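Here's the structure we're looking at; comments come further down.
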Amino acid sequence: MSYMQKTEVYSWRVSPHLKSELEEAARAERKSLAALLEEIAADWLARSRGREQEDDGQERLRAAAMKCAGTIQSGQAHRAENARSEVRSRIARRHGR
């Protein structure tokens, strides 16, 4: 946490229940409500930035994988639609049913 002098003020409305929960959490942490809120905001920002970087990395990986991905041509136009019956018939042949 930074110990720079705080000069900015931000306020927003919260429900009485949320305010009560935040105050209780601050007491349990032995911090002021302002310190707790600053910590929560800083943690959220750090996680949010991390997710953006992960998302960018995932997009690059997906794009690279898609260059290699293709289709397998079997000459059977409706192979996926007939997969269940094909698997069952192969099992039946194998086990003599």
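The values are calculated or read from the model by the stated rules, or taken from the named source; none is laboratory data. What you see is a predicted model; the values in this text were computed from it and never measured. FYI the Cβ positions are ideal-geometry reconstructions off the backbone, even for glycines, and counts take in every protein chain you see.
Kindly check whether there is at least one residue in the stretch 87-97 that is at pLDDT below 90, loosely packed, with under 10 Cβ neighbours inside 10 Å, more than 25 Å from the chain's Cα centre (by Cα) and in a loop (DSSP other than H, G, I, E, B).
The answer is yes; a qualifying residue exists.
Output the number of the condition that Glu54 fails; it satisfies all remaining conditions of (1) surrounded by 10 or more Cβ atoms within 10 Å (Cβ to Cβ); (2) modelled with pLDDT of 80 or more; (3) within 21 Å of the chain's Cα centre (by Cα).
(2)
Exactly one of (1) at pLDDT 95 or above; (2) out of contact with any helix residue (DSSP H, G or I) (no Cβ under 8 Å at 6 or more places or on another chain) is unmet by Glu23. Its number?
(2)
Among the listed residues Ala35, Ala26, identify the single one that is surrounded by 10 or more Cβ atoms within 10 Å (Cβ to Cβ) and either free of Cβ contacts under 8 Å to residues at least 24 places away in the same chain or in contact with a strand residue (DSSP E or B) (Cβ under 7 Å, 6 or more places away or on another chain) (or both).
The conditions single out Ala26.
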